[in-house]
Amino acid sequence: MAAAVDLYAYQEPILFLATAGIVVPLFHRLRISPVLGFLAAGALLGPYGLGRLIPDYPWVDWLTFTNPEGTSRLAEFGVVFLLFTIGIELSWQRLRILRRLVFGFGTLQVVLCTLALSLFALKIVNTITAAVIIGIALALSSTAIVLPVLAEKRRLNTSAGRASFSALLFQDLAVAPILFTIAALDTRQPDATMLSFAMALLQAALALAVIVGIGRLVLRPFFQLVTATKSPELFMAACLLVIMVTSLVAAVSGLSMALGAFIAGILLSETEYRRAVDTTIQPFKGLLLGVFFVSVGMSLDVFRLLEAPLTILAVATFVIAIKSVIIYWLSRPFGLNAAEAAETSLLLGPGGEFALVILGSAIVSGLVPRETGQNLLLVTTLTMIAIPFFARLGRRLSRQLEKKRPIDPAAAVPPPPEEAGRVIVAGYGRVGQLVGDMLQRHKVPYLAIDMDPVRVADQRKTDKPVYFGDGSYPEFLRACGIEQARALVITLDTPSSIEAVVAAARQERPDITIVSRARDDKHAAQLYDLGVDDAVPETIEASLQLSEAVLADIGVPMGLVIASIHERRDEFREVLKKNNRKPERAEFRARRTVGK
């Protein structure tokens, strides 16, 4: 006889999966970040939402998340997996390059924001200790929301993305000392002394050294053994084991679990398994981050907000404003222009998940009054929920400030009159300059446009035909002579910018030949769908060049190598073009062929 099944034991996992199945497709269709959907679902289905109706309507219990503590433990792994994947994308060398931002910008951001917010908190609480703890907690930002929002918009590799990531990384490093300090100040623990505090810091440093040392020795041989079995299941288990072990070792040593996973990711980034590991854990990361956002939404007590809405909203606005102003002015000496500083300040202005941990610990320790602490937890949660909106606002503000940047007189030269047979190159960075050089060698006239006034001015001093302007504006393309142009080459590195230029060019000239740079094969397929004639994926082209080099180096005749590379490139092109050619584009190509 089959054993009885306790359906209630599966209630929360099923409810979360149902929420994910509804939230992600719905918000994707609405072009809204799923982060907001998970936050809203957590608020609606949490103990402060539908959970309030359980005493009167017991059946509602099946539609609510009633175990915040259990959910928060699982949700913590969402942040762990996020930091692990970020570590995989980095390396020790890139981390050394970012050290000025991490330990310079990050340190000053935490210190200055803490001072300003502590002075503000001193008017609410009566003790300096409570004010400093509140200031430190509110000075931190949300790694778990800011980084996914940046990754979703492919902004992590921009100047604003690097600055935001560097500050968040330093904050993760600072959390352990902060929690040690709170424990040392806890009057209920008389054995917490300065000596124990120093020992705890030493223990954390040793833990980091152990993770790095053992990781360098063990990870590559370990994955060699695992991959030799050719078992995808075993490889997945190995990935999860590495993440769990490193994060738990860090947690036992007093560091954050996320920091341990981040170090493990950096160690794996130096191995040949980085891409396979990254691909394997992506589904886990997505689901666990969804759990994290739901858990944040569950902590939002809407009724407490309704008791004093103006006060709580005013405090939330004040916190974001103070932090944003400080971060904006602090960003400028670290090389960010006004547009990048504005975007960074709005991303880091809201509070973060570690503020919830610090304030919770301070309330339990009696260092912060419970009523004040509960209100500040609500303030922090509200600011975190607003991060996707501030990210969008920051991007729009950044674009507006970019347009208003002072332009070097050498760059402010209008494009020359139309010239038949000219090629327009949109974007004149390293790739665009190479394209221009090759066109010049073959005596093909070209005109390049770029949005960086400094770059334009520098190139014009060397007599290059480069002009300042935005190729996504049809009026500017007309001024560049797109009606008489032979082709348009797009070398920009941001997918959204590339797509905007393609749309503007097609609006002005449906039959012009467009050749565009693409991030990967997926992006190339999207560009073919938009109407480009040829899209060159960076990943595929790099692979073909590596193949050409190795075949030539091992003695295969160069003629055969070049022929096979061209053949493989054509195969890729045909696969990407398949089912992406619009009927009207085919008609224009046919007309152009007949005309020739």
Which residue out of Ser543, Ser564 is hydroxyl-bearing (Ser, Thr, Tyr) and at pLDDT below 80?
-> Ser543
Assess whether Val501 counts as being modelled with pLDDT under 85, crowded, with 23+ Cβ neighbours inside 10 Å and either on the phi > 0 side of the Ramachandran plot or part of a helix (DSSP H, G or I) (or both).
-> no
Looking for whichever is of a type in the set (Phe, Trp, Tyr), in the same structural domain as Lys323 (by TED's automatic domain parsing), more than 30 Å from Arg274 (Cβ to Cβ) and at pLDDT 80 or above here; the options are Phe84, Phe120. Which one fits?
-> Phe120
State which residue pairs qualify: first residue outside the structural domain of Arg396 (by TED's automatic domain parsing) and inside the stretch 481-503, second residue surrounded by fewer than 23 Cβ atoms within 10 Å (Cβ to Cβ) and among the polar types (S, T, N, Q) in any location, beta carbons under 6 Å apart, and separation of 6 or more residues or different chains.
-> Ala487/Thr513; Ala500/Ser472; Val501/Ser472
Subset of the stretch 414-430 (residues that are surrounded by 14 or more Cβ atoms within 10 Å (Cβ to Cβ) and modelled with pLDDT under 85) | Pro415, Glu418, Glu419
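Is it the case that Ile554 is surrounded by fewer than 14 Cβ atoms within 10 Å (Cβ to Cβ) and either hydrophobic (A, V, I, L, M, F, W, C) or outside the structural domain of Gln433 (by TED's automatic domain parsing) (or both)?
Taking the combined requirement at face value, the residue satisfies it.
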Go through Val556, Val536, Val550 for me and flag whichever is β-branched (Val, Ile, Thr), under 32 Å from the mean Cα position of the chain (by Cα) and modelled with pLDDT of 70 or more.
-> Val536
Is the stretch 229-245 home to any residue that is within 27 Å of Asp172 (Cα to Cα), among the small types (Gly, Ala, Ser) and in contact (Cβ under 8 Å) with a residue 60 or more places away in the chain?
-> no
So, in the stretch 515-524, of the ones that are more than 20 Å from Val423 (Cβ to Cβ) and crowded, with 19+ Cβ neighbours inside 10 Å, which residue ends up farthest from the chain's Cα centre (by Cα)?
-> Ala524
Might you check whether a residue that is of a type in the set (Val, Ile, Thr), in a loop (DSSP other than H, G, I, E, B) and modelled with pLDDT of 80 or more occurs anywhere in the stretch 59-73?
-> yes
Residue by residue through the stretch 516-554, note down the ones that are β-branched (Val, Ile, Thr) and under 16 Å from Ile565 (Cβ atoms).
-> Val536, Thr539, Ile540, Val550, Ile554
Would you tally the residues in the stretch 108-144 being over 21 Å from the mean Cα position of the chain (by Cα) and either surrounded by 16 or more Cβ atoms within 10 Å (Cβ to Cβ) or assigned to a helix (DSSP H, G or I) (or both)?
-> 25
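The values are calculated or read from the model by the stated rules, or taken from the named source; none is laboratory data. Everything numeric here is computed off the predicted structure, so don't read it as measured data. Cβ coordinates were reconstructed from backbone atoms using ideal geometry, including for glycine residues, and neighbour counts include every protein chain displayed.
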